[in-house]
Structure formats: C-alpha cells, structure tokens
Amino acid sequence: LVDDSGVLSLSVPTTWIDFETGAWVSDGREIGPSLSAAPDHTAWVEGWATPGIFVGATDQMGFDEAFGDFSGACVLDRTSPLEVDGLTGAGEWWTDCGAEGSEFFVGVVTLEDGSSVVLFQIVAVDGAIDELVDRILSTFRHGESR
C-alpha cells in the first residue's frame, strides 16, 4: 500500500483488503499523510475484534503525544526501542484489549531531522502480534527517510 502523497508505503496481509490512503485527520484538521488497512476497516475502527493497521506521519504533534493512552482498554505489556526504515523511536506492546482480549502495538519513530513523527498502530486478534509487527514494519518505507 502507498498513501496518496506517496510518502508512506508498506505491505499488509493479503486478507486486509479494505484500506484508506488519504490524509490523517485529527480534531477535524488534516495533519499529514496516512494509510490504514484491515479485512473490514469499519469494524477495525470501531472495536478490538478485527486486525488492522494505521500509519500516519505528522509534524503537528510530538513524540510522546503520538503514542496516546490505551490503559482504559488494554494492559501495557512492555516498551522497547524501535527501528523502522532507518528511523528510531519506541514501541509499546499492549495485551487484553477490549472484551476480545486482542493485542495492540503502538510505535512512534522520528525523522532524522526531528521535524516529524511516524505513528504505527497494529491490532492482532490471533495471538501473533510480534510476528505481525515484524512482518509489516520490515516492509515500511518513508519517502523522506531515504
């Protein structure tokens, strides 16, 4: 998948056929490019029972703000350093999300010049979050990181 601006690209499982590749909208404002994919995008957005991904890049929020707080729906399992396409940051691994008990990964990396962050949010429902995150993030490319 490639977002509409051509800045973000990655591969997702072949069953994730419902995707969006437009602007990242936060509080009614476009803040950067994004892409998202899931088997059923609406179901992914509305709950924890559907696997999927959101990736967005923005210069409109800082590193810590991009993570968000999911403690009301999930249990934080661990935090770890993250390197994606030569960009560095951190990842949070959440478990027991929602009534479904899904797993959730939130990762944030910063462009080398510090001007923007890239946010990754990935939900797994089959207990294989580590493999899913590794597989997707290994294919990620940011046009400005090359």
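The values are calculated or read from the model by the stated rules, or taken from the named source; none is laboratory data. From a predicted model like this one, the values you see are computed outputs, not experimental measurements. Heads up, the Cβs are rebuilt from the backbone with ideal geometry, glycines too, and the neighbour counts pull from every protein chain shown. Side chains included, ligands, DNA and RNA excluded: accessible areas come from the protein's heavy atoms. Shrake-Rupley method; radii C 1.70, N 1.55, O 1.52, S 1.80 Å.
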Residue 80 being among the small types (Gly, Ala, Ser), surrounded by fewer than 14 Cβ atoms within 10 Å (Cβ to Cβ) and without any contact (Cβ under 8 Å) to a residue 12 or more places away in the chain: no
Residue 17 free of Cβ contacts under 8 Å to residues at least 24 places away in the same chain and not charged (D, E, K, R): yes
Test: residue in the range 5-22 that is out of contact with any strand residue (DSSP E or B) (no Cβ under 7 Å at 6 or more places or on another chain) and either farther than 26 Å from residue 143 by Cβ or in a strand (DSSP E or B) (or both): yes
Complete set of residues in the range 24-47 that are open to solvent by less than 50 Å² (accessible area, probe 1.4 Å) and among the hydrophobic types (A, V, I, L, M, F, W, C): 24, 31, 35, 37, 38, 43, 44
Residues (closer than 20 Å to residue 41 by Cβ and open to solvent by 50 Å² or more (accessible area, probe 1.4 Å)) located in the range 123-141: 125, 126, 135
Strands (runs of 3 or more DSSP E) completely within the range 29-125 that count 3 or more residues being more than 14 Å from the chain's Cα centre (by Cα): 29-38, 75-84, 87-97
Residue match in the range 95-110 (condition: touching a Ser or Thr at 6+ places or on another chain (Cβ under 6 Å) and surrounded by fewer than 19 Cβ atoms within 10 Å (Cβ to Cβ)): no
Unmet requirement for residue 66, which otherwise passes all of (1) at pLDDT 95 or above; (2) open to solvent by less than 30 Å² (accessible area, probe 1.4 Å): (1)
Where a residue in the range 83-112 is on the phi > 0 side of the Ramachandran plot and its partner, wherever it lies, is of a type in the set (A, V, I, L, M) and in a loop (DSSP other than H, G, I, E, B), with Cβ under 6 Å and at least six apart: 98/73
